[in-house]
Structures are given as structure tokens and as C-alpha cells.
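Q: Take this structure first; my questions come after.
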């Protein structure tokens, strides 16, 4: 056992060319720079963070405050600079940690802005910040040659591959349910609304399109990490990655997600792939640039104790990445309905769910009843997100409770009249209308105030037939 | 082979001219005849509105009727099944608190009037492209209908300034009531040039607020403008929207009190300029101010029509031919913008027009009758009725008796007929509740709160479906730019 551990340790410590990590750093920095600039250009900062008068917080992070608009804009510009610094490898460690902290902080401002690929970006920024990605092909290495290195421990390569494989695998497993596999929902709903897409529209209108694409998506997500690990299949698998993400990126408003996944999948290639690619470039492009090391050199030395600490941290990280998305198993029922265990689990586009919520506020002392529409507190985007996510409904209920108490109505009861349609099914109550939400505290336990999911199949829709 | 769309546009123009002449003539005649403006008195009569009795004809009820364009006629028009039905002619009579006629397919009543302008709706199978074309024709027809009334309002207001008499005063009120009733149908068409930028409709030009800035209203800004003679300045057309539009005109024409709603510390009270006006001067200024508002409303209506006109902004093309050259990237996006506009029925109608006065939403006191939409002209109920009819025009079809393509046809076309049925049932329930709103809101809000609450509840049943199953199966999205990426 000990021998095996030593062998594993030695394997993880063995050096591999660091070119892959440098390439990843450059591409990742550029991708997040683009993402940050999109926020600035499209006015999303004001829409998402400034316009709302109420912000939903993650459990345990209620203390995270939203700064004034000017500071938010400044933060985005700062993030853009940090992205650029990460990309060129200048002040890398500081810039990468700053990017991780800043990007994560933004995500904590409002739950309704949660996106799986933002979460992935935060994780990758953290991994990058901890890695020696700034020591190869970077301005830091150029300015301080003594820190330059052309190899990294193999563990880093495996860790990045693990992270990407986790995303695909859980995204695939999240599709392993009745609606997706046997009713092709919600893909059918999405495809049928896109039948006017040039060229592929008529194909999407076919009855078989949604089932075929549902299964294709499921098989792609679950198999692609394994296909990318087989050297002989890798080029074909990567073409599949490009094709899949290009199609989904063109069809659905998923922003930078396809780009991040296409570049992330590069970690499955041989660590030397950037050098090989570089070597294939015409000489006129490469002649003026410094020659790169043709062979990996041993990694910089580090004590066994330090390695053990890093491996332990890496193992903990991996264990968390596997366990956390599986927490939904502890709650039972359909996670797509009750949403407990939905976030941070790579459940990418697995449900079409819309709700209508009216808060019924009863003020016993005043003898009054109010029907509060969420738009009184929320933007359209926030309302749409909140209306089908019980913990967010609970948060707003608490805000309403506090507001009405502050208005002098005394202790009030807040109930939610909540109707939700999952994948086109007939609407059903999401939350027990008899439960006074003002007395319920959010937590990690099973929420008994959430009613069971609908039992029947989704409706069978088809393309427009006159 | 003739181009059917060109034919349709030609027929629409022909119809527009003919209907415009007829309506203008009728309105002029009615102005002389003078309606009885029943400002404050509820007469208790309930049967004078066509279709309001159980034997009334009128247009089909939503559940029984629906679009006529569907093959098989599953929703064939059966007047006998119509039940209590609101005709789009306003149907105010005694129940509405004031006699207003915008005409209606159900025939004239209470003094006679022409029907609303009806677009030429071709019989065609459902497709998104065809639906968008009909929506565009429908929106233009609604604005053209309003233009006719805005023109009559402008002329009557000018006449009331030139030689004010009781008859001219009455005439201008009637033309305002007719214009308002027409606009309340068009309120639901809040997409494209009519939409606000805040609605995140990429075709927004804010023109609705220039015509009717309701919820941005209030007496004090108008009273201040009255004292300052803002209406006589050259910059009136670009002044704040809460000093212009149909809302300001309603106060100027229908409020006869001598007080003002501004704080004691406001300039008009602190400096005594309001008190110094005197009754005669106030009345004269109100007449002049109303005329300026009427002219401004007409100008903005023409601007709105210009924005749709193929020779002008050609928003029609942007809506009906999304993609390159349009503000909407796809037919789906264009239809999402329309859907976003018709959500007026939830936010404005259910929550603001009913919820606040009822005291169940944003109202500190037990009831907030001061929040009623048209409390000076006493047509708050009529407004809701017209909004409802506008909703039906988009949901069921824009032609007379709601023929043509509507969102319900879309549901049918994708196999969601069961949902369509439930939505039509909810629509019928809302109609029954609105019909039962008798006496009108201004009275019911204090004396029959249960009836008002019933309308609120019925509309909620409809909007619950709209916000959930409806948008799910049709995959309608928030307008472009309303958010961010999505995974």
C-alpha cells in the first residue's frame, strides 16, 4: 500500500512539459477578459447588480454587500486588467488570485446571476492561481529568468483534466432522467421554438430531432472525457467537442460557456501540444521570438513535506468536486423540482421551468391581507429565476416579512401562492400554501415546505402544424 | 398573381380612410348631440350594455369562441353561447359611469357610433410569420383607430377654446372618453415603438408614455403647469410626460374642484399663484391646456403611426421580417417582445389598476380608491374592460369577433390544445368577473370589494398560466438584453 502511494506520489511529481499550462493560462485569461468586457459593453452590470433593489444571497453569504455602481464598474475594469495580466503572465500569482477573488465575489452578489460556467471560471481561476502557470512563456519569466521553468509536476495536468472531466460527467449524469431520455424534454421545447433558424430549422422541426439530440447530448457529456483520454481518439473527440459546443453556442444563449469548454478540453492533449503547434507555424512567424525549450526540464525542487501538503489539498479538492454535486441524493425527489442540490452541480440546461408567485401577507393585528407581486421587489430576470427556486422564494418572503413589520403592521405571516410548470407540464404548487414562510429558516436540511414534484409525463409537443 | 400582403395593406388603407371619415362624421354629430356625462352618479342600470344580459349577443365568449381561422372551427362563434360579453364598443352606458362608444362589432348603442377599425385579417394557417404580420396589422389598426379619436379630441378641444359653451365642453369630454376607450385597447400593444426602453424591447421608442403616461401622473405637476402656463410654451411637447397625455387631459376636463394637490410648500401655494388665478381664469387655462394636450397627443399618435409606416420608421418590417436589418434576431424573439408587452394585463391591470385600490398591493390604508386609474372621468372599470378586450385581440385574434391568428392558435398548432382550453376558460372567468363589476370600480371599491377582488383573482388565474405553462411550451423569453448568458 505504502509502495503504491509512493509510486503514485512519484508519478504525480514527475515533470511534464509546462507548455500546456501556459497555453491554458493565455487562453483562459483572454476568454475571461472577453467575458468581462461583454459585461461592460452590454450594460449587464447595471441590469444585474445596480437595478435590483433586492439581492438574493447564497446560504452563509448574506454578509456579502453590493457596492455602489461606480465601484462595481471599477471592479469590472480591474478584473479586465487582471485577466490581461493573467494572460500575459505579469504579476501572475497576484493577478490570478485577484481574478479568483473578484470573480467569485461578483457571483456572490446575487444568486439569480448564477451560471455553471461562471462557477467553472472561478474554479479554474483558483487552480491557475495555485499552479506554476506564470513561470512559462510569461512576462514574469522574461523579467525574472530565475523563476522560469519549462516543466510542471504531472499532478497539475491531472488536476485540470479531472476538473474538466467532472463538469462533463456530472452534466451528462444530470441528463439521465425520464424527461430527458424518454420525452426529449426540455430539448424538444427549445428546438421547436427555433425551427425558423436558417438551414437547420427544418431539421429541428422533425419529430425525431429532439430525441436524437437529447441522447446525443447525454452520450456526448458522459463519454467525451473518456474519449479525450485515448490518444488515438483524441483528435476526433476534440472535433466533436468543437462541433458540439459550436452548435449549442449558436442555438442557445449560453454566452462564453462553449468557448470555455472548448479551450478547457485542450488539457486532455499531450502537454507538449503548444510546442508542436508552434513548430508547425511558418518560420517567418517564429523567427523573431525566443526559442523555446525542446525538452521538458525537471521541475523545480520541493521538499517531500511540501508535496504531501499539496497532494492532500488536491485530494480534498477532488473529493469535494465529486461529493458536492451528489448532495442531491440526500434530499430525495426530483432535484429539478425542489432545486436542493441544483447549483454547483453542473446541471447544465436540464430543465425548462417557469413559475408564478404571489406572496400572501397576513397582518393579524391590523386585520389586513396583502397580495404581493414579486415585481414590486425584483427585476424581470430576478423574478423569473426566483419563481421556480424555493430558497429564493423563502428569501424574498423574509424580506417582505421585515418590510411589513417595519411599516407598522406588526408580526406578519407570509405564505407563497406558487405555481410552477416543469418542462411544460400542467402547473402545480411548488410550496405548501399553508406554511408561514416567515417562520422558516433556510438551511442545508430537507425543506419539508416544498411540495412533491409532478408525477405525469410532460406534454407531447410537436412542430407547428396548421 | 397579386401580392396578398399588398392587397391586404391596400384594403386596410381603404378601410382606414372610409372608417375615418365615417367615425369623424359620427363623432362630430355626437359632439353636437352631446352625451350625458354621468360623472358621479351610478344609475344602477345593468342591461343597457349590449351583451351584458344573459340573452345578449355580442362577440363570442373566449371559451366558446376563439379564433375563427382554425380549420374545423373548433371555436365556432356561437352568439347564444356568448353569455355575458363585453363588446369592444366600450359598453359603458350606465355601468361605466360615462357614455363612451368606440364603436364595436356588436353594433352601436347608447347613441350610436361606428365600430373600431378592424384590420383585414386573411384566413390563413398558423405560422409565426403570418402571426407576426397579423399582429403588425392589428397594432397599426389600433393606432389608426385611436388617431381618428385623437383627431376628434383635438378638434373638439380647439372648438372649446374658440367659443366655449356647455355644448363644446361636453363635446370635448365625449371625445376624450372615446379616445381613452380606444387607447385602453391599444395599451396592451406595448411593444416596439410604444414600449419603454426599460421594458428592454429592442424596438422601444417610448411613444406610449407620450400619449398616456399613466402611473407617472398626479395632479400637482399638471396644476403647476397650469399656473406656469407651460402648455403655452414652445417646449411643451418635450416637457415631462406627467404634464401631458390623456391622463393630464382627464384631470383638466373632468375635475371641477377648485383646490390643488400640491404641498403647501410648493411654489404655486407658497407664492399664492394658484389662489390668484380665480375661477374664470382657471377654467380658461384648463380649456387652453386641454387643447394643447390634445394637439400633443395627436402629434405623438402620428409619430407612433409614422414609426410603423413603411415610408417612415417601418417598424412593421422589423417585426414581421426579423433577422438581419431588424431589431429582433428571430421570429421567436419578435414574438417574445409582443408577449412581454401583453403582460400589461398582469402588472398594470391586475396589480396596479385593481390591487392598489383594493388595498392588497402597495397600499398602506385599508383601501386606496385614490389610486384608481380614471377617477375624474369615472371610467376605471371601462378601462379594465378595454384592456381585457385588447388582450383578447392578441391572444385570440385581432379581427372582428377575435377572428384571425392569436397565441391560442399557436398553442393549438404545437399540440398544446389542452392548455389552450384552460387558458380560454380562465379568460372567460376573467370576463365574467369583469362583467360582474357592477357598479363600476369607483363605487365597487368601497361598497362591493368582493366583486373587485373577484376580478383580481380571475385575472390572477389567467396570468398564472401565462407566466408558467404558456411561456414554457412556447419557449418565450425575456426580451433580448434583459439579462445575460444562460446555462
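The values are calculated or read from the model by the stated rules, or taken from the named source; none is laboratory data. All of these numbers come straight from a predicted model, not from anything done at the bench. Ideal geometry is used to build each Cβ from the backbone, glycine not excepted, and the neighbour counts take in all protein chains shown.
Q: Is it the case, given these coordinates, that residue A:396 is away from every other protein chain (no Cβ under 13 Å) and either more than 26 Å from the chain's Cα centre (by Cα) or without any contact (Cβ under 8 Å) to a residue 40 or more places away in the chain (or both)?
A: So residue A:396 does not fit the description; no.
Q: Report yes if some residue within region A:441-448 is at pLDDT 95 or above and in contact with a strand residue (DSSP E or B) (Cβ under 7 Å, 6 or more places away or on another chain); otherwise report no.
A: No, because not a single residue in region A:441-448 is at pLDDT 95 or above and in contact with a strand residue (DSSP E or B) (Cβ under 7 Å, 6 or more places away or on another chain).
Q: Then there's this: Kindly indicate whether residue A:408 is more than 30 Å from residue A:197 (Cα to Cα), surrounded by fewer than 23 Cβ atoms within 10 Å (Cβ to Cβ) and away from chain B (no Cβ under 14 Å).
A: Spelling it out, it is not the case that residue A:408 is more than 30 Å from residue A:197 (Cα to Cα), surrounded by fewer than 23 Cβ atoms within 10 Å (Cβ to Cβ) and away from chain B (no Cβ under 14 Å).
Q: Name every residue in region A:122-139 that is under 25 Å from residue A:104 (Cα atoms) and either free of Cβ contacts under 8 Å to residues at least 60 places away in the same chain or not in a loop (DSSP other than H, G, I, E, B) (or both), in order of residue number.
A: Result: A:122, A:123, A:124, A:125, A:126, A:127, A:128, A:129, A:130, A:133, A:134, A:135.
Q: A further question follows. For region B:365-382, indicate whether the set of residues that are touching a helix residue (DSSP H, G or I) at 6+ places or on another chain (Cβ under 7 Å), within 14 Å of chain A (Cβ to nearest Cβ) and more than 25 Å from residue B:177 (Cβ to Cβ) is non-empty.
A: yes
Q: Can you find a residue in region A:373-389 that is touching a strand residue (DSSP E or B) at 6+ places or on another chain (Cβ under 7 Å), under 28 Å from residue B:449 (Cβ atoms), crowded, with 21+ Cβ neighbours inside 10 Å and without any contact (Cβ under 8 Å) to a residue 24 or more places away in the chain?
A: yes
Q: Only one of these is over 19 Å from the mean Cα position of the chain (by Cα), facing another protein chain (nearest Cβ under 8 Å) and more than 30 Å from residue A:348 (Cα to Cα): B:467, B:460. Name it.
A: None of the others qualify; the one that does is B:460.
Q: Return the residue satisfying two criteria in turn: it lies in region B:351-364 and is at the interface with chain A (Cβ under 8 Å from one of its Cβ atoms) and assigned to a helix (DSSP H, G or I), and of such residues it is nearest to residue B:203 (Cα to Cα).
A: Only one residue tops the list, namely B:351.
Q: Could you go through region B:427-440 and let me know if any residue there is over 20 Å from residue A:460 (Cα atoms) and within 12 Å of chain A (Cβ to nearest Cβ).
A: Within region B:427-440, none of the residues are over 20 Å from residue A:460 (Cα atoms) and within 12 Å of chain A (Cβ to nearest Cβ).
Q: Only one of A:222, A:248, A:197 is more than 11 Å from chain B (Cβ to nearest Cβ) and surrounded by fewer than 21 Cβ atoms within 10 Å (Cβ to Cβ); which?
A: Among A:222, A:248, A:197, only A:222 is more than 11 Å from chain B (Cβ to nearest Cβ) and surrounded by fewer than 21 Cβ atoms within 10 Å (Cβ to Cβ).
Q: Kindly provide the set of residues from region A:334-344 that are more than 14 Å from chain B (Cβ to nearest Cβ) and either within 22 Å of residue A:214 (Cβ to Cβ) or touching a helix residue (DSSP H, G or I) at 6+ places or on another chain (Cβ under 6 Å) (or both), ordered by number.
A: Scanning region A:334-344 gives A:334, A:335, A:339, A:341.
Q: Then there's this: Within the group A:25, A:38, A:93, which residue is closer than 29 Å to residue A:164 by Cβ and within 14 Å of chain B (Cβ to nearest Cβ)?
A: A:38
Q: Out of the residues in region A:434-466 that are touching a residue at least 60 places away in the same chain (Cβ under 8 Å) and surrounded by fewer than 15 Cβ atoms within 10 Å (Cβ to Cβ), which is farthest from the other protein chains (Cβ to nearest Cβ)?
A: The selected residue is A:443.
Q: Does residue A:225 meet the test of being in contact (Cβ under 8 Å) with a residue 60 or more places away in the chain and closer than 22 Å to residue B:471 by Cα?
A: When the stated conditions are applied, residue A:225 does not pass them.
Q: Just to be sure before I move on: is residue A:347 under 24 Å from residue A:55 (Cβ atoms), within 11 Å of chain B (Cβ to nearest Cβ) and not in a strand (DSSP E or B) in the structure I sent?
A: So residue A:347 fits the description; yes.
Q: Mind telling me which of the residues A:351, A:415, A:401 ends up being surrounded by 18 or more Cβ atoms within 10 Å (Cβ to Cβ) and at pLDDT below 95?
A: Of the residues listed, the single one that is surrounded by 18 or more Cβ atoms within 10 Å (Cβ to Cβ) and at pLDDT below 95 is A:351.
Q: For the structure I just gave you, tell me whether residue A:421 is surrounded by 23 or more Cβ atoms within 10 Å (Cβ to Cβ) and either outside any strand (DSSP E or B) or more than 12 Å from chain B (Cβ to nearest Cβ) (or both).
A: Working: surrounded by 23 or more Cβ atoms within 10 Å (Cβ to Cβ): yes; either outside any strand (DSSP E or B) or more than 12 Å from chain B (Cβ to nearest Cβ) (or both): no.
No; evaluated as a whole, the condition is false for this residue.
Q: So residue B:402 fits all but one of (1) modelled with pLDDT under 95; (2) surrounded by fewer than 24 Cβ atoms within 10 Å (Cβ to Cβ); what number is the exception?
A: The single condition residue B:402 does not satisfy is (2).
Q: In region A:350-387, what count of residues is obtained for those that are assigned to a loop (DSSP other than H, G, I, E, B), in contact with a helix residue (DSSP H, G or I) (Cβ under 6 Å, 6 or more places away or on another chain) and within 8 Å of chain B (Cβ to nearest Cβ)?
A: Total satisfying the criteria: 2.
Q: Quick check, is residue A:429 in contact with a strand residue (DSSP E or B) (Cβ under 8 Å, 6 or more places away or on another chain) and more than 10 Å from chain B (Cβ to nearest Cβ)?
A: In short, yes.
Q: For residues in region B:295-338 being assigned to a loop (DSSP other than H, G, I, E, B) and surrounded by 21 or more Cβ atoms within 10 Å (Cβ to Cβ), which is nearest to the other protein chains (Cβ to nearest Cβ)?
A: Start the filter on region B:295-338 by keeping residues that are assigned to a loop (DSSP other than H, G, I, E, B), which leaves B:309-314, B:321-330.
Narrowing further to those that are surrounded by 21 or more Cβ atoms within 10 Å (Cβ to Cβ): B:322, B:328.
Details: B:322: 8, B:328: 11 Å.
Step by step, filter region B:295-338, then rank; the result is B:322.
Q: Moving on to the next point. So which residues in region B:191-212 are surrounded by 24 or more Cβ atoms within 10 Å (Cβ to Cβ) and more than 15 Å from residue B:327 (Cβ to Cβ), if there are any at all?
A: B:208, B:211, B:212
Q: Take residue B:341 and decide whether it is in a helix (DSSP H, G or I), touching a strand residue (DSSP E or B) at 6+ places or on another chain (Cβ under 9 Å) and in contact (Cβ under 8 Å) with a residue 60 or more places away in the chain.
A: No, not satisfied.
Q: Then there's this: Hey, among the residues in region A:251-272 that are farther than 27 Å from residue A:19 by Cβ and touching a residue at least 40 places away in the same chain (Cβ under 8 Å), which one's nearest to the other protein chains (Cβ to nearest Cβ)?
A: Out of the qualifying residues, it is A:255.
Q: Considering only residues that are at the interface with chain A (Cβ under 10 Å from one of its Cβ atoms) and either over 22 Å from residue B:469 (Cβ atoms) or at pLDDT 95 or above (or both), which ones fall in region B:339-349?
A: none
Q: Consider region A:245-283. How many of its residues are assigned to a loop (DSSP other than H, G, I, E, B) and in contact with a helix residue (DSSP H, G or I) (Cβ under 8 Å, 6 or more places away or on another chain)?
A: 8
Q: If I filter region A:424-433 down to residues being surrounded by fewer than 20 Cβ atoms within 10 Å (Cβ to Cβ) and free of Cβ contacts under 8 Å to residues at least 60 places away in the same chain, which single residue comes out as nearest to residue B:416 (Cα to Cα)? Don't jump to the end; show me each part of the working.
A: Residues of region A:424-433 surrounded by fewer than 20 Cβ atoms within 10 Å (Cβ to Cβ): A:426, A:428-429, A:432-433.
Next, from what is left, pick out any that are free of Cβ contacts under 8 Å to residues at least 60 places away in the same chain: A:426, A:428-429, A:432.
Working: A:426: 11, A:428: 17, A:429: 20, A:432: 28 Å.
Of everything passing the filter in region A:424-433, A:426 is nearest to residue B:416 (Cα to Cα).
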